[in-house]
Amino acid sequence: MEESKENYLETILLLKRKKAYVRSVDVAEAMGFSKPSISRAMGILKEVGYVTIEPDGNIQLTESGRQRAESVYERHRLITDFLVETVGADPAIAEQDACKIEHIISPEVFAGIKAYLRK
């Protein structure tokens, strides 16, 4: 569930950047999952303290949820950039691969990629 939790958090973060009010149906639409699957996932994220769900259904990231989501999104963006700029990967393929790599990359390797891209 760790990878899927990160994907949900990243999706909520990106939706929140577009609009302040995010509901389970928005997450379901963005991720292509059923609303019952999203409701189950939101329950899990709520249990571990990553989200709160307001009575009107608005999903809010907690501070720890926001930090985790920001971290995943940063890995996603920088790995995508790295694959496009250094490997010459097609941007669409780099985006897909980054989505997989962002969950398993070690902190040391990611730090190296960040340092390389800063040059």
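Values quoted throughout were computed directly from the atomic coordinates according to the rules given, and no laboratory measurement underlies them. Owing to the predicted nature of the structure, the values given are computational and were not obtained by experimental measurement. Using ideal geometry, Cβ is built from the backbone for each residue, glycine included, and neighbour counts are taken over all protein chains shown.
Rg/Rh for the chain to two decimals, with Rh computed the Kirkwood way over all alpha-carbon pairs. Show your work: numbers first, answer last.
Working: Rg = 15.2 Å, Rh = 15.1 Å.
Radius of gyration over Kirkwood radius for the chain works out to 1.01.
Divide by every residue of the chain the summed helix terms, -39500 (n - 2.57) for each DSSP H run of at least 4, and state the resulting mean residue ellipticity at 222 nm, rounded to the nearest 500 deg cm²/dmol.
Numbers: 6 runs with 81 residues, N = 119.
Helix contribution divided over all residues of the chain: -22000 deg cm²/dmol.
Within the chain, how many lysine pairs that are 8 or more places apart, or on different chains, have C-alpha atoms less than 19 Å apart?
8
Mind pulling the per residue volume of the convex hull built on the Cα atoms of segment 68-118? Å³ is fine.
So the per-residue hull volume is 67 Å³.
Could you tell me which of rounded, prolate or oblate describes segment 2-62, using a ≥ b ≥ c as the square roots of the eigenvalues of the alpha-carbon gyration tensor, with rounded for a/c under 1.5 and, failing that, prolate when a/b is larger than b/c and oblate otherwise?
It is rounded, given that a/c, with a ≥ b ≥ c, falls under 1.5.
Taking neighbour counts of Cβ atoms within 10 Å as a proxy for exposure, in what order, fewest first, do H76, H103 appear?
The order, fewest Cβ neighbours first, is H103, H76.
Tell me which residues come under 5 Å, amide H to amide H, from A89 once H is placed; ignore anything under 5 positions away on its chain.
For A89, whose amide H was placed from the backbone, the distant partners under 5 Å are V84.
Which residue, Y8, A20, T52, has the largest displacement toward the positive end of the dipole of segment 2-62 when charges sit on each Cβ (Lys, Arg +1; Asp, Glu -1)?
Going by the charge dipole, the pick is A20.
Which of K16, K35 has the fewest other C-beta atoms within 10 Å, and how do the rest follow up to the most?
Lowest count first: K35, K16.
Would you please give the residues with an amide H less than 5 Å from that of V51, counting only those at least 5 places away or on a separate chain, with H modeled from the backbone geometry?
Those qualifying (amide H under 5 Å, at least 5 residues apart or on another chain) are K46, T62.
Listing M42, M31 from the residue with the fewest other Cβ atoms within 10 Å to the one with the most, what is the order?
So the residues, fewest neighbours to most, are M31, M42.
What's the magnitude of the charge dipole for the chain around its Cα centre, counting Lys and Arg as +1 and Asp and Glu as -1 at the beta-carbon? Answer in Debye, nearest 20.
280 debye
Per-residue HN-Hα couplings for segment 110-116, Karplus 6.51 cos²θ - 1.76 cosθ + 1.60 at θ = phi - 60°, whole Hz, x for Gly and Pro?
5, 4, x, 5, 4, 5, 4
Mind checking the full-extension length gain between S39 and D56? Use 0.36 nm per residue of separation minus the Cα-Cα distance, one decimal, nm.
4.7 nm
Mind listing the phi-derived Karplus ³J(HN,Hα) values for segment 43-60, rounded to whole Hz, using 6.51, -1.76 and 1.60 with θ = phi - 60°, and x for any glycine or proline?
Rounded to whole hertz, the list is x, 5, 4, 5, 4, 8, x, 8, 9, 10, 10, 6, x, 7, x, 5, 8, 10.
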